[in-house]
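Data first, discussion second: the structure below is written as structure tokens.
The values are calculated or read from the model by the stated rules, or taken from the named source; none is laboratory data. Given the structure is predicted, the values throughout are model-derived calculations rather than measurements. Positions of Cβ are generated from backbone atoms using ideal geometry, with glycine treated the same way; all protein chains shown enter the neighbour counts. SASA here: full protein model, heavy atoms, side chains in, ligands and nucleic acids out. Shrake-Rupley method; radii C 1.70, N 1.55, O 1.52, S 1.80 Å.
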Amino acid sequence: QAKYLAQIILVGAQVVGRAFMRALRQEFAASRAAADARGRSERPQSAAASRITGITLQEAQQILNVSNLNPEQIQKNYDHLFKVNDKSVGGSFYLQSKVVRAKERLDEELRIQDKDKKEEGWKAET
């Protein structure tokens, strides 16, 4: 009987192991597909800027509470959030640094857009 019990345990462990490996492969494939989809949704320069600054364009827009890339609105919101999060007035250095990173990311996106517009202008002239 011990022999049969050992066989049952062994077969059960193999079934569970196969199911676990199949689920792991599926999760890995889904994760890779999601990462690829995120990468395709951004232009290559924009995706590179997100990697460099460590913050996505959408996250930067949420932090500075802007829906479009209006330089005046970005600056106004940045100035306000930077001031209210100053450590000397009881703010958080962490939040202040997030505000700075968000501003840097949005500034980089504006620079990329300006460069793209200039390149489109050059192409139209030729």
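Quick notes on this one:
- In the set (1) modelled with pLDDT of 90 or more; (2) open to solvent by less than 60 Å² (accessible area, probe 1.4 Å); (3) not assigned by the TED database to the domain that holds ASP116, GLN7 fails one condition alone, (2).
Matching residues to (1) surrounded by 13 or more Cβ atoms within 10 Å (Cβ to Cβ); (2) at pLDDT below 90; (3) within 12 Å of the chain's Cα centre (by Cα):
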position	(1), (2), (3)
GLN45	yes, yes, no
GLY54	no, yes, yes
GLU59	yes, no, yes
ILE63	yes, no, no
VAL66	yes, no, no
ILE74	yes, no, no
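- Within segment 80-126, no residue satisfies the criterion of being of a type in the set (A, V, I, L, M), in contact with a Ser or Thr (Cβ under 8 Å, 6 or more places away or on another chain) and closer than 15 Å to VAL66 by Cβ.
- The set of residues in segment 85-112 being of a type outside the set (Lys, Arg), open to solvent by less than 70 Å² (accessible area, probe 1.4 Å) and assigned to a helix (DSSP H, G or I) consists of GLN96, SER97, VAL99, VAL100, ALA102, LEU106, ASP107, GLU108, GLU109, LEU110, ILE112.
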